[in-house]
1. Six or more apart or on different chains, Cβ under 9 Å: which pairs go from a residue in the stretch 61-83 that's touching a residue at least 24 places away in the same chain (Cβ under 8 Å) and under 16 Å from Asn11 (Cα atoms) to one that's in a helix (DSSP H, G or I) and among the small types (Gly, Ala, Ser)? Could you list them?
2. Based on this model, can you work out whether Gly24 counts as buried (at least 17 other Cβ atoms within 10 Å of the Cβ) and at pLDDT below 95?
3. Could you say which residue among Ala32, Ala75 is in contact with a helix residue (DSSP H, G or I) (Cβ under 7 Å, 6 or more places away or on another chain) and modelled with pLDDT of 90 or more?
4. Please verify whether the stretch 2-20 includes one or more residues that are closer than 13 Å to Ala75 by Cβ, at pLDDT 95 or above and part of a loop (DSSP other than H, G, I, E, B).
Amino acid sequence: MSDQIEGFAENVPGKYYITKSCIGCALCAVIAPENFMENTDEELAVGHNYIYKQPETESEELLCKEAMDVCPADAIRNNGSSN
């Protein structure tokens, strides 16, 4: 699997995940703060975001879809699973 498609280890299991093409803009965390979080590890050369909670409500699902649609790096993926 390409590094650009591979997800970060911090992503919780489930259908949404952030790939290593993330540029760390944190737009997803602004749109859906209940689901996305910024990695603040100071040892990283470039920060990134990850999904720390899969959507549990219809509202969270819609916000995750919106974040995926507007991600400038196309780094948010949906693997199509139901959980």
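The values are calculated or read from the model by the stated rules, or taken from the named source; none is laboratory data. What you see is a predicted model; the values in this text were computed from it and never measured. Because the Cβ atoms are built from the backbone with ideal geometry, glycine has one as well, and the counts that use them run over all protein chains shown.
1. Ala67/Ala29; Ile76/Ala67
2. Spelling it out, it is not the case that Gly24 is buried (at least 17 other Cβ atoms within 10 Å of the Cβ) and at pLDDT below 95.
3. On inspection, the qualifying residue turns out to be Ala32.
4. yes
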